Amino acid sequence: MMRAAVLRAGTFVVDEVPEPVPGPGQVLVETLATGICGSDLSAYRHTDAFLKASHDSGTTSFVFDPEADLVMGHELCARVIGPGEWEGRTVVGLPWALDGAGVLRTIGYANDYPGGFGSRMVMQTAALVEVPEHVAPPVAALTEPLAVGFGNVARTDLPTGSGALVLGAGPIGLGATAALVERGVGPVIVSEPSPRRRELAARFGAHTVVDPGVRDPFDAWREAAEPGQALTVLECSGKAGMLEEILLRAPRETTVLLIGACMTEDTFRPVVGIYKDITVKMCLAYPPEEYARTLRRIADGRIDAAALITGEVGFGGVAAAIDTLGAPDDHIKVLVRPELPGRAIHPPAVP
């Protein structure tokens with residue numbers, strides 16, 4: 001048995017649950033640090049919608065039984081217990097596991113594959129990436145959310161000489177911002193209502209940062225861009241109504257990447273985008289090699305991943321920490337650390 005923060009009947013409780021057993025091609029690991037993701041909030045607060053989207057899209061990797069215990073947590077860093085050559089190593093890894101039938105499951109969104117809100121996990125050996133000794137486990141745990149931004153920029157052929165507008169400066173938007181700057185895209189405009197996140201966007205290389213409550217981000221783009229310059233809009237907030245707003249405000253022939261997941265039904269008028277020749281891409285999977293590359297960026301100091309960490313909790317504080325995702329001024333990234341006591345959100349130990 002192992003200790004975990006368990007989502008049970010719609011509520012998080014700290015309890016003992018069965019320890020997972022690794023199958024062929026898998027290892028057992030002990031959790032060191034796990035980030036709390038906006039997707040965890042969606043699966044917690046909008047469970048029916050979360051599962052309906054999985055079923056309607058035929059995406060088995062996010063299907064779980066809501067009546068059974070679920071241990072979330074997929075932004076993870078862990079130490080390998082065994083078996084095999086990885087034993088004793090500190091690792092991160094794409095949060096995938098193959099079940100006995102060969103079906104891909106996502107660690108933390110499958111009842112039989114508990115995530116980092118528990119003391120132990122099973123990981124696929126092929127997905128492991130070793131963490132350099134000088135990178136603290138809490139910082140390494142930021143690899144997954146930052147890789148989403150880097151990876152989805154990598155999968156997109158941005159026109160030469162194009163600029164970008166990033167809507168939302170959470171961890172995914174910040175990763176996308178850094179990726180755009182790394183590729184020489186400019187200007188990169190970031191729109192974010194939270195002062196704390198706007199400050200980080202500037203540190204991550206954004207050329208212009210705007211508060212959308214004060215200044216229209218598309219006006220900021222028009223003022224900064226060269227005449228006729230191609231624009232890519234990266235919607236990273238996941239807020240309802242954003243696609244309609246983009247279609248209305250974006251210049252003709254804009255490309256839109258929908259990276260932030262809106263869990264509710266949304267309304268937009270396709271004909272507006274058709275008349276303006278706007279291309280919309282909806283993004284989930286990204287090149288797996290971008291995961292390891294993102295860890296290297298963190299290890300080399302090209303990304304200040306530690307700057308995202310604003311709090312840490314033990315298993316008893318998971319529910320309160322997830323609630324902070326609804327108030328982005330409070331925190332940017334809260335990590336779950338199994339050894340921390342109580343329900344309080346602690347200041348980060350990593351400077």
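When you scan the range 129-178, how many residues do you find that are within 18 Å of ALA299 (Cβ to Cβ) and among the polar types (S, T, N, Q)?
Count: 1.
Do we have LEU28 as in a strand (DSSP E or B) and either within 16 Å of TYR291 (Cβ to Cβ) or touching a Cys at 6+ places or on another chain (Cβ under 8 Å) (or both) here?
No: the conditions fail for LEU28.
Can you confirm whether ASP304 is over 16 Å from ALA33 (Cβ atoms) and modelled with pLDDT under 90?
Answer is no for this residue.
Being closer than 29 Å to GLY326 by Cα, buried (at least 16 other Cβ atoms within 10 Å of the Cβ) and either aliphatic (A, V, I, L, M) or over 21 Å from the mean Cα position of the chain (by Cα) (or both) narrows it down to one residue among LEU28, LEU7; which is it?
Step by step, each of LEU28, LEU7 is checked, and only LEU7 is closer than 29 Å to GLY326 by Cα, buried (at least 16 other Cβ atoms within 10 Å of the Cβ) and either aliphatic (A, V, I, L, M) or over 21 Å from the mean Cα position of the chain (by Cα) (or both).
What are the residues in the range 52-86 that are closer than 25 Å to VAL29 by Cα and among the charged types (D, E, K, R), if any?
Across the range 52-86, the qualifying residues are ASP65, ASP69, GLU75, ARG79, GLU85.
I'm trying to understand the selection: among the residues of the range 192-219, which are touching a Phe, Trp or Tyr at 6+ places or on another chain (Cβ under 9 Å) and open to solvent by less than 20 Å² (accessible area, probe 1.4 Å)?
Within the range 192-219, no residue meets the criteria.
Pick from ASP56, ASP15, ASP48: which is assigned to a strand (DSSP E or B) and either small (Gly, Ala, Ser) or open to solvent by 40 Å² or more (accessible area, probe 1.4 Å) (or both)?
ASP15
What number of residues within the range 231-243 are among the charged types (D, E, K, R) and either open to solvent by 50 Å² or more (accessible area, probe 1.4 Å) or assigned to a loop (DSSP other than H, G, I, E, B) (or both)?
Total meeting the criteria: 1.
For LEU258, work out the one condition from (1) touching a Cys at 6+ places or on another chain (Cβ under 8 Å); (2) among the hydrophobic types (A, V, I, L, M, F, W, C); (3) open to solvent by less than 20 Å² (accessible area, probe 1.4 Å) it doesn't fulfil.
In the conditions (1) touching a Cys at 6+ places or on another chain (Cβ under 8 Å); (2) among the hydrophobic types (A, V, I, L, M, F, W, C); (3) open to solvent by less than 20 Å² (accessible area, probe 1.4 Å), LEU258 misses (3) alone.
Counting just the residues of the range 27-78 that are modelled with pLDDT of 95 or more and touching a Leu at 6+ places or on another chain (Cβ under 6 Å), which one comes out farthest from ASP330 (Cα to Cα)?
Going through the qualifying residues, I end up with PHE64.
Scan the range 95-139 for residues that are in a strand (DSSP E or B), open to solvent by 40 Å² or more (accessible area, probe 1.4 Å) and hydrophobic (A, V, I, L, M, F, W, C) and jot them down.
Result: TRP96, LEU98, LEU104.
Going by the conditions given, is ALA101 hydrophobic (A, V, I, L, M, F, W, C) and without any contact (Cβ under 8 Å) to a residue 24 or more places away in the chain?
In short, yes.
Which pairs turn up if I take residues in the range 218-235 that are touching a residue at least 60 places away in the same chain (Cβ under 8 Å) and more than 22 Å from LEU258 (Cα to Cα) and look for partners that are open to solvent by 10 Å² or more (accessible area, probe 1.4 Å) and assigned to a strand (DSSP E or B) with beta carbon separation below 6 Å, at least 6 apart in sequence or on another chain?
Pairs that qualify, where the first residue is touching a residue at least 60 places away in the same chain (Cβ under 8 Å) and more than 22 Å from LEU258 (Cα to Cα) and the partner is open to solvent by 10 Å² or more (accessible area, probe 1.4 Å) and assigned to a strand (DSSP E or B), are ALA224/THR208.
Filter the range 181-218 down to residues that are touching a Lys or Arg at 6+ places or on another chain (Cβ under 9 Å) and more than 20 Å from ASP304 (Cβ to Cβ), then give me how many there are.
Count: 6.
Return the pair list, or none, for Cβ contacts closer than 8 Å from residues in the range 147-169 that are surrounded by fewer than 21 Cβ atoms within 10 Å (Cβ to Cβ) to residues that are in a strand (DSSP E or B) and among the aliphatic types (A, V, I, L, M), at least 6 apart or on different chains.
Between residues of the range 147-169 that are surrounded by fewer than 21 Cβ atoms within 10 Å (Cβ to Cβ) and residues that are in a strand (DSSP E or B) and among the aliphatic types (A, V, I, L, M), the close pairs are THR156/LEU257; LEU158/ALA164; SER162/LEU231.
The values are calculated or read from the model by the stated rules, or taken from the named source; none is laboratory data. Remember, it's a predicted structure, so these values are computed and weren't measured experimentally. Please note: Cβ atoms are built from the backbone with ideal geometry, for glycine as well, and neighbour counts cover all protein chains shown. When the accessible area is computed, the model is the full protein with side chains, heavy atoms only, and any ligands, DNA or RNA have been set aside. Shrake-Rupley method; radii C 1.70, N 1.55, O 1.52, S 1.80 Å.
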